[in-house]
Each structure stands twice: as C-alpha cells, then as structure tokens.
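Encoded as structure tokens, the structure appears first; notes follow it.
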C-alpha cells in the first residue's frame, strides 16, 4: 500500500521537528529514513503511525487521508526500538494481542488465533518460545517477536523505529539481512528509521536522508552514495575530505589543480568547496599543484590502506585510501611529507563547510 | 539478620578484613535492634499485655460491647468508601501524570502530596470551615436537612482526604519508569482505552497497586486527627475505633481501651504481613 506525505510540519514547543516534509512511498517498497539524532526521522514515522498529530500537512495511506484518524484504527504495524513487548504476557499472548482486542464481530475464533500466532512465530523462527516471557529472551529474539506481533494484525504498512538500535553489532547485521529477506517474501510496504548509514544502504530499496526536520535527498542507496545532492548528504554518507577552491565556467581549481565541474558551466569565478572521498585523493610526487601533508597514521585494512594525514598549510586532517599494492610501491612511512591531489570531486558553491568529522 | 550480614561480608571481603571489621556491623545491628525493641516491640507487647491482663473474659466483653462494635462498623464503613474512592482517583491521577504532558502537571503532583504535608487536625478543620454550621455551605446544608459535620459523611470525607496520596504516590513513579511504549504498542494493535487499562496498564503496575491499597487501608482505619475534628465524638454514632479508644482511655477504662487498641494493632500486623508478602511476590516476578 502506498504512503503519501504532503507538506507535513510538526513543532514541539519552539523546536521544529518537521518542516514542510513531502514524500511518496510506493506499494511494497522498503524505505529507510536516515539521519542524525534529532533530525525528525522518528517524528515522521510517528506521524505516519498516528502517534503524533502534525501541525500542518496530510498523510495518505493507499490514497486515503488518514491524518485525522485515531492511531488504533490505522492498521499500521509498528516495531519499537526497545521492543515494547507486554512484559506480563507470554510470547504467545503478545503476538495474539492484536487479534484478541478486536470487537467480537470481527475477532477470529480461539483456534484461528492459535493457528495464526503459531504460523507467525514460525515465520520469525521462534515458535519454540511461545510459552516464555519477554524477559527470558535475548534482544534479537525480542525484536523478532515484536515484528511477529506487529504482523499479526495484517497491517497495511509496517513501520520500524530504529529496530536494531538496541542490539549488538553482530546480531544487528544478522537481523537486518533477515529483515531484508522477510520483506522480499511478504512485500509489505515498510518504513524504517535508522541513524546507521550502513544499515540504510544495505537494507533499503530507497533511502530518505533527513536533517533538521527537512528531507535532504531521496534515492536508491547507490544514488545517494554516489551522487549526494547536498554537502550534508556528502558528509553523512561515508567519509569525505573538504578542499577549498574556486569554480569558473565549469572548471574548478583546487590548489592549482584543475578539475571538471560541468554542473557550474554558467558560474563565473566563485568560491567553492570540493568534497572528495578518501579513495579519490591521489598521492603524487612533489608538484606545484598539490597540497603538502604529513602522514600521521597508516592502517592496512584488507586490500586497502587507510592513511590519515595532516595538511601542512591548514593543519586539517585528510583521509586517503590507497590500494595496498600501490601503497607498498610508494615507500610511505609515518611522519613523512607527501603531496595530495584530488582526482575527482563534487563542488558546492558558497557553502560554508561544517567542519565536523565525517560520519 | 546477623547471619545474612555475616554471609554478605564474608562473600565480599577476605577473611582477615572480615575479622577486623566484624564488630562494626554487629554494633550497628545491635543498636538498630535495641532501638526497635524499645520503641516498637515493647509498646506493641504492652498493648496486648494490658488488654489481656484482667483475663480473656474481660477482653472479650470489652470488644463485644455495643459501642465498640459500632466503632468497628463505622471504621470499616469509612475505610470501605475511602479506599475504593482513592483507588479510582489514584489510578486516574497516576495515569494522567505519568503518561501525558499538560499544563499544571507539577501543580497537580503538589496537590496530591498536600495531605502528607498538612497536619490532620488542619485537614479536619478545613471540612468544618466548609461544611460546618458556621461554614460556607453550612446554612445551605441545614436548609436541606443534610448533615456532614458531626456525622458519617464528614468522617468519610476526612478519611478520603487524609488517605488520598497513597495509591497515586505508589503508582506515579512506577508508571513513569515503565514509559509509554507498551501502551502505544497496544493502541497501534487496535486496543481501545478500556482494553488498554485492563490488559496493559493495570497488570503492569499490579503489585504497586496492591501495595498502595494496603497502605491506604491501614491509614484509613487508623486515622485519628482529622476524623476527631469532624466526628463530634457521639458514642455509638460517630466514633471510629481510634476515637473510641481515646474516650475509653480518658474514662480510665484502661483494659477496654487496650483491648480495642489491640484490634488496631492486629490490623497493623496483618497489614505488615500482607505488605511483606506483596514485596516478596513483586521481587520474584520482576526480572
């Protein structure tokens, strides 16, 4: 079922959690809302669920305006970061809850409920835990039960709020692959919130990057990673180095080195910041058109070597990734001075670069 | 108690240190026990000793006397109304305070604590000022032939006022600690407000609720100050058990006074046993 969010705004006191946000989600899609904490991504999810009422804007599910509808009548499945299982009920009763609270006329029979619950527990591969209580389960198991419970009401859409946020790294990786497979099986329109870029890029069909209550970019994982639309997205997805330069008629000048910037064809001599991924920085022999830097650290990680350098002129830290064989051919050691030249860059004009450590 | 302490110390510290510091816990435990013996156990024993000093027959006669029975009935009636009323109020107040944000929330919390901070005598006087003959509503009430002060309604009102923080105070921190997630989950699964209350909210605070009710009941039956002001001390009519005991004592009927006091003491012991049992169950069920 499709979800359409139109010009939604939401304030908490003076804090603007969402500012005029619009988003379309296609039926059967798995979408990630990605952003730093406090960016408004969870608020957006709660607005779709009906747990928050937007100050302005509309929410449509399957073409129907649900903005005014009570959360209990929306038929959304919701998975909480901290599971929110009913602690005094068994796993079976937890999953059965959504069916048991239905009005008598539409409530399934006892046997039907039992069958449905057991089949859901099998789907999440935990049918052997039916008689346990939530506190007897591990975090990963609890989250799968929470998912089974959300699916029991046959929701129109599934919403997950940082579903793996409280789990340790290994379980988190397992569970997100499992979620992806599950989604491919049941094809339920799903939206999940995360602050982990790796998680969003690995699991989602499309990624929505949210910052300060606004949507920065929407696209496939490949899209947003390779073609970030804004400086924020560039910094948020993957590591990035910033170089100051100038752009003139489609040609950029970074420390005397010329690079193509075709998107700024019409721009005449403007200050610009070059955003360069670590693997797009070259280490060259001494030359006028390069930046001198000292090697601080070199760490070999499998087939690549990650170098951390500090620029001689500004002291800024630059990260460089080199193929291992190339690094070995170069005779670089810590403390040595080398020369950096961006090979490929994306330019943003007149942006004052935020000097945060890239996430 | 000493055994528990000993085990704790030997588990935590090496043998040498244990020997050196053994006198400190022994001294503290001894002091605490002596204090308890002097100020709690001795008076409690005295109540039963005085009550039974003239024999079982006198004791039985004292507590089966008609005025005494009237006092017991009135005490049970007042508690029987005050406790359910405060149970309903306590749940509603705790739910509102713990789960919703609204203007004046901290004012409400302060108001709930008011009976704890106000002297019971003052609480009683407030009712006299409002409902008494010279009070704000007094003339209107007497026109309609309704009597609140020096009558049962006044006693019930005073008891409700004095005991109303107990349930709410017990539930508010518990509900706040549990957060809103489970309730939000229940709502999204289609539960209505009634199902939410009975299937999610109340089962989660079950033991805190029972604990609050026990404390509330104990206080409702033992309340003296506020009830004393509004009661008027009419024998067999507006005397609760604590008031009845005071009258007997003032009339030098010591044995009868202590006999009735022993009823309250037994009640206190039962409350204590229930409270301990609830705490034990709670500890067992909480993961």
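Nothing in this text is a laboratory measurement; each read-out follows from the coordinates by a stated rule. All values derive from a computational prediction rather than experimental measurement. Positions of Cβ are generated from backbone atoms using ideal geometry, with glycine treated the same way; all protein chains shown enter the neighbour counts.
Tabulated values for the structure
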item	result
Exercise: per-residue mean of other protein chain Cβ atoms within 10 Å, B:172-185	3
Sites residue B:276 and residue A:173, calculated FRET efficiency, Cβ-Cβ separation with R0 41 Å, nearest 0.05	0.30
Inter-label distance for residue A:16 and residue B:61, nm, one decimal - labels placed 7 Å from Cα along Cα-to-Cβ	8.7
Taking only Cα atoms of chain B, radius of gyration then Dmax in Å	23.7, 81
Over chain A, relative contact order from alpha-carbon pairs under 8 Å, at least 6 apart, %	16
Candidates A:142, A:58, A:326, ranked by Gaussian network fluctuation over chain A, Cα under 10 Å, top entry	A:326
Cβ crowding within 10 Å averaged over residues, with A:91-100, B:196-205 ranked highest first	A:91-100, B:196-205
Residue A:128 versus residue A:187: modelled label distance in nm, points set 7 Å from Cα along the beta carbon direction	3.3
Highest average packing first - B:188-195, A:73-80, B:58-65, Cβ atoms within 10 Å	A:73-80, B:188-195, B:58-65
Using a Förster distance of 45 Å, the FRET efficiency for residue B:33-residue B:251 (Cβ separation, nearest 0.05)	0.75
Amide N of segment B:146-184 lying under 17 Å from the label point, which is placed 7 angstrom from the Cα of residue B:114 along Cα→Cβ	B:157-169
Residue-averaged beta-carbon neighbours from other chains (10 angstrom radius) around A:67-77	3
Bridge type composition, the protein assembly as shown - antiparallel percent by DSSP, nearest 5	80
On Cα atoms only, tilt of A:91-100 relative to the major axis of chain A in degrees	70
FRET E, pair residue A:24, residue A:166, Förster distance 30 Å, beta-carbon r, rounded to 0.05	0.50
Gain upon complete extension [residue A:265, residue A:4; 0.36 nm per residue less C-alpha separation]	90.4 nm
On Cα atoms only, tilt of A:139-152 relative to the major axis of chain A in degrees	60
Nearest-ten-degree value, helix A:169-186 long axis tilted from longest Cα axis of chain A	60
Inter-part distance where segment A:130-186 and segment B:133-162 are each reduced to a Cα centre, Å	59
Shielding by partners, peptide A:78-87 (average Cβ within 10 angstrom, other chains)	5
Label-zone membership for segment A:286-316, site residue A:202, 7 angstrom Cα→C-beta point, backbone N under 20 Å	A:301-304
Mean Cα-pair separation over length for segment B:55-285, i.e. relative contact order, pairs under 8 Å, 6 or more apart, %	32
Most fluctuating residue given options B:101, B:113, B:67, as computed from a GNM of chain B linking Cα atoms under 10 Å	B:101
Approximate spin-label separation residue A:106-residue B:283, in nm, with each point projected 7 Å along Cα-to-Cβ	4.7
